[in-house]
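Structure first, then comments.
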Amino acid sequence: MATGDRQWEAQAKCGTQVAEALFVEGTVQKRVKTLCSDCPVRTECLAYALDNRIEHGIWGGTTVRERRSLLRRRPTVTSWRLLLDAARTEHANSGRLLPLSGADRRRTV
Ligand code: SF4
């Protein structure tokens with residue numbers, strides 16, 4: 001059973017999309033997830049999918065495979081919502097740019 005509130009869905013960029021469009025499989029997922037790139041509730045959406053171990057569709061701009069990877073890398077996280085909210089608050093208070101991904105870091109070194 002899914003846990004956590006879903007009030008954020010009212011602001012979802014995909015709110016008017018046909019639901020099936022977000023529940024695609026395979027390589028089509030990568031094309032569909034671009035819809036999420038400027039969604040105002042991307043963090044909430046990703047946290048919901050991770051906390052509820054959702055094994056289908058695009059959530060928070062991630063594919064199923066990407067979410068499985070996050071879950072494997074951080075097996076001790078009990079609330080992705082709390083973790084991502086804390087990271088967002090820390091980032092907002094720091095005044096710094098978001099850290100680069102590993103691939104971006106290698107390109108700039
Ligand atoms: S992040 Fe993507 S899937 Fe999640 S609510 Fe926004 S548009 Fe929809």
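The values are calculated or read from the model by the stated rules, or taken from the named source; none is laboratory data. It should be emphasised that the depicted structure is a prediction, and the values quoted were computed from it without experimental measurement. Cβ sites come from the backbone with ideal geometry, for glycine too, and all protein chains shown count toward neighbours. Quick note on the areas: whole protein, heavy atoms, side chains included, nothing else; ligands and nucleic acids left out. Shrake-Rupley method; radii C 1.70, N 1.55, O 1.52, S 1.80 Å.
Could you report the stretch 19-92's accessible area per residue, 1.4 Å probe, as an integer in Å²?
Numbers: 4470 Å² over 74 residues.
Using a 1.4 Å probe on heavy atoms only, each residue of the stretch 19-92 averages 60 Å².
Over all directions, how big on average is the projection of the convex hull of the alpha-carbon atoms in the stretch 19-92, in square nanometres? Let's see the in-between values first.
Working: hull surface 20.2 nm².
Mean projected area for the stretch 19-92: 5.0 nm², to one decimal.
Under the definition of Cα pairs under 8 Å and six or more residues apart, what whole-number percent is the relative contact order of the stretch 19-92? Walk me through the numbers before you get to the answer.
On the way: 69 pairs, mean separation 22.9, N = 74.
That works out to 31 percent.
Report, in debye and to the nearest 20, how large the dipole of the stretch 19-92 comes out about its Cα centre when Lys and Arg carry +1 and Asp and Glu carry -1 on their Cβ. Working shown, then result.
On the way: 13 positive and 9 negative charges, 68 e Å.
Its charge dipole is roughly 320 debye.
What nm distance separates the two modelled labels at VAL64 and ASN52, each placed 7 Å from Cα along Cα→Cβ?
1.6 nm
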